[in-house]
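Taking it in order: structure first as structure tokens, then the write-up.
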Amino acid sequence: TDFLRNPNLREEIFGPFSIIIVCENQEELKEVWKSFPGQLTTSVIGTADDIMSNQKLIEECCRFSGRIVYNGAPTGVEVTH
């Protein structure tokens, strides 16, 4: 809910940055997902079952993301502790 109320949190940031959004349910997750403006990449992290059971939601990100990365980070991003 806090994320949806603050449009500044939806701005794309270049450089090392992450945001974790905790949703109460699938409907809130869909609302958050649809609120994003265009993005260079979207990373989808989950098990094979997670990805298969959420295929429609993942397809929605094609509307705003140029590239989808499954269980990884986009090129040029160093994953560290």
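The values are calculated or read from the model by the stated rules, or taken from the named source; none is laboratory data. Only a predicted model underlies this, so the values are computations on that prediction, with no experimental measurement involved. Because the Cβ atoms are built from the backbone with ideal geometry, glycine has one as well, and the counts that use them run over all protein chains shown. What goes into the accessible areas is simple: the full protein's heavy atoms, side chains included, and nothing from ligands, DNA or RNA. Shrake-Rupley method; radii C 1.70, N 1.55, O 1.52, S 1.80 Å.
A few comments on the model shown:
- Residues being farther than 16 Å from R67 by Cα and either open to solvent by 90 Å² or more (accessible area, probe 1.4 Å) or at pLDDT below 90 (or both) - total across the range 35-50: 2
- Some residue of the range 21-34 being under 10 Å from the mean Cα position of the chain (by Cα) and in a loop (DSSP other than H, G, I, E, B): yes
- A Cβ distance below 6 Å, combined with a sequence gap of six or more or placement on separate chains, defines the contacts here; from the range 40-54, residues that are without any contact (Cβ under 8 Å) to a residue 24 or more places away in the chain reach no residue that is among the β-branched types (V, I, T) and assigned to a helix (DSSP H, G or I).
- Qualifying positions in the range 72-81 - open to solvent by 100 Å² or more (accessible area, probe 1.4 Å) and either assigned to a helix (DSSP H, G or I) or of a type in the set (A, V, I, L, M, F, W, C) (or both): V79
- Within the range 51-71, the set of residues being open to solvent by less than 70 Å² (accessible area, probe 1.4 Å), farther than 24 Å from P7 by Cβ and either of a type in the set (A, V, I, L, M) or part of a helix (DSSP H, G or I) (or both) comprises I51, Q55, V69.
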